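> Mind having a look at this structure? Questions to follow.
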Amino acid sequence: MKNPILWSLILSLALLSSCKKTEARKPLAKSTESATKSSVERNKEQNKAEELLVKDFMAKDSLKQYISSNQGFWYIYEHQNVRDSVRPIKGNLVEYEYEVTDLDGNILYSKANIGVKSYLVDQEDLLIGLRQGLKLMKKDEVVSFVFPSHLAYGYSGDQDKIGINQPLVYRVRLIAIQNEK
């Protein structure tokens, strides 16, 4: 330590400069409102495009009169049960079989590959569209449902045969309703 004054001065400056208050860095301002609006607009455009595809599909099948549901899908009875009035309600166990096709009629999943399924109405997970559609059916009916993607597999598809944002046709046969009330 040849020059104690110099070292004292350097040490004092270091201490004084380190005592300066640090200011927190402000976060980058990204408007979540604009991101939400953008997402809403994108979804509206997607829904309009899908609705046009579905309406085109139904127009090509002009011999059938599709019914528009309150839940946002369309359906037609292939075989209607006019004798019974019982429809599934919450807590009923239903057995059904179905096949899934795209709007071009290509079979994505056949009923032979899927087999007979059972579902406890409104108490188990199931695709939104199929859950609502089954409640419109009676035993022994066959109904074709046309689901927009948001009522089927949505923006992720099924990671196999069903693509992203793909409208689907489900042809469903309701085999049984247990615990009928």
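> Output yes when any residue across the stretch 84-93 is within 16 Å of Y170 (Cβ to Cβ), assigned to a loop (DSSP other than H, G, I, E, B) and modelled with pLDDT under 95, and no when none is.
No: the stretch 84-93 contains no residue that is within 16 Å of Y170 (Cβ to Cβ), assigned to a loop (DSSP other than H, G, I, E, B) and modelled with pLDDT under 95.
> Sticking with this one: Inside the stretch 142-181, can you point out the residues that are within 14 Å of G72 (Cα to Cα) and in a loop (DSSP other than H, G, I, E, B)?
Answer for the stretch 142-181, where residues must be within 14 Å of G72 (Cα to Cα) and in a loop (DSSP other than H, G, I, E, B): P148, A152, P167.
> For the stretch 94-106, what are the residues that are surrounded by 15 or more Cβ atoms within 10 Å (Cβ to Cβ) and either modelled with pLDDT under 95 or not charged (D, E, K, R) (or both)?
Passing the criteria: V94, Y96, Y98, V100, T101, L103.
> On to the next question. From the list K55, K60, K44, K37, pick out the single residue that is among the basic types (K, R), free of Cβ contacts under 8 Å to residues at least 60 places away in the same chain and closer than 18 Å to G129 by Cα.
K55
> Then there's this: State whether the residues of the stretch 69-80 include one that is modelled with pLDDT of 95 or more, within 20 Å of G163 (Cβ to Cβ) and β-branched (V, I, T).
No, every residue in the stretch 69-80 fails to be modelled with pLDDT of 95 or more, within 20 Å of G163 (Cβ to Cβ) and β-branched (V, I, T).
> Now, a different point. Suppose the filter is out of contact with any Phe, Trp or Tyr (no Cβ under 6 Å at 6 or more places or on another chain), without any contact (Cβ under 8 Å) to a residue 40 or more places away in the chain, of a type in the set (D, E, K, R) and on the phi > 0 side of the Ramachandran plot; does D140 pass it?
So D140 does not fit the description; no.
> Looking at (1) hydrophobic (A, V, I, L, M, F, W, C); (2) closer than 19 Å to P167 by Cα; (3) touching a Leu at 6+ places or on another chain (Cβ under 7 Å), can you tell me which one L108 breaks?
Every condition holds for L108 apart from (3).
The values are calculated or read from the model by the stated rules, or taken from the named source; none is laboratory data. Owing to the predicted nature of the structure, the values given are computational and were not obtained by experimental measurement. Cβ coordinates were reconstructed from backbone atoms using ideal geometry, including for glycine residues, and neighbour counts include every protein chain displayed.
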